[in-house]
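Engineer: Below is one structure. I have some questions about it.
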Amino acid sequence: MHTRFRRPTAAGLVAAALAAVALLLVPAAPAAAHNTLRSASPAAESRLTAAPTQVTLTFMQRLDPAFTTIALTDAARERVPTGEPVVTGTTGTVTIDRPLANGVYTVAYRVVSADGHPVQGSYRFTVADPAGDAGPAVGAPGSAPPSVDPSPSSAAPAAASEDRDGGPGAAASEDRDGGPGAAASEDRDGGPGAAALVAAAGILAVVGGGAIAILLRRRRTAT
């Protein structure tokens, strides 16, 4: 008994091509994404009429208390005394040890994703209490954001301790989080790369040529 094999049709080839291209262009699964700042209190770029007593950051993934750093600096880029980060699930909180004067403050953070990738970023908020005292003068425009000093209890794991932009604690110059109002750029993990686009174009070209060849052969057979 002989088994008859059906030749691929033009429609089948096109469908296969589309499926292959879709697989190439689908972004990485969310489970592989880096940790992301979901919310913050005080919020980014907020203007407060009363000085906050703590800073709370909530991320998309659970935090590791040993590798979580949250720092607060004033407009003169002087470190504001805070307590150690208290981590509960995806939330990290530091208590501010002294009342904040009026002025601009910067929150800088450094955490670690589930895949071990260090994630850091920063944002600003302003205290404008009508009854409060003026804070330090604002630093020069364009000055670098404050650094997050990696202490033994907050440095990233050895496998992920190298900063992608010039060393650990590099002032939240890279924001791998895409958090609300974050000052630095987001990770470029989601979109398809150039290699994937080239491969997709090649698949379409090969399958399209095969489909045209099948159509021409059928027309010749019919005539």
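The values are calculated or read from the model by the stated rules, or taken from the named source; none is laboratory data. All values reported here derive from a predicted model rather than from experimental measurement. Neighbour counts are summed over all protein chains in view; Cβ atoms, including those assigned to glycine, are modelled from backbone coordinates with ideal geometry.
Engineer: Within the stretch 123-136, does at least one residue satisfy the condition of being of a type in the set (A, V, I, L, M, F, W, C), part of a loop (DSSP other than H, G, I, E, B), modelled with pLDDT under 95 and exposed (fewer than 12 other Cβ atoms within 10 Å of the Cβ)?
Structural biologist: Yes, the stretch 123-136 has at least one match.
Engineer: Residue check: is GLY103 in the same structural domain as LEU37 (by TED's automatic domain parsing), more than 20 Å from SER39 (Cα to Cα) and not in a loop (DSSP other than H, G, I, E, B)?
Structural biologist: Criteria met by GLY103.
Engineer: Here's another thing I want to ask about it. Is at least one residue of the stretch 20-38 loosely packed, with under 13 Cβ neighbours inside 10 Å and modelled with pLDDT of 95 or more?
Structural biologist: No.
Engineer: Got a sec? Which of ALA108, ALA75, ALA101 is within 19 Å of the chain's Cα centre (by Cα) and closer than 18 Å to VAL127 by Cβ?
Structural biologist: Among ALA108, ALA75, ALA101, only ALA108 is within 19 Å of the chain's Cα centre (by Cα) and closer than 18 Å to VAL127 by Cβ.
Engineer: Could you tell me whether ALA50 is farther than 24 Å from VAL127 by Cα, assigned by TED's automatic domain parsing to the domain that holds PRO130 and surrounded by fewer than 17 Cβ atoms within 10 Å (Cβ to Cβ)?
Structural biologist: no
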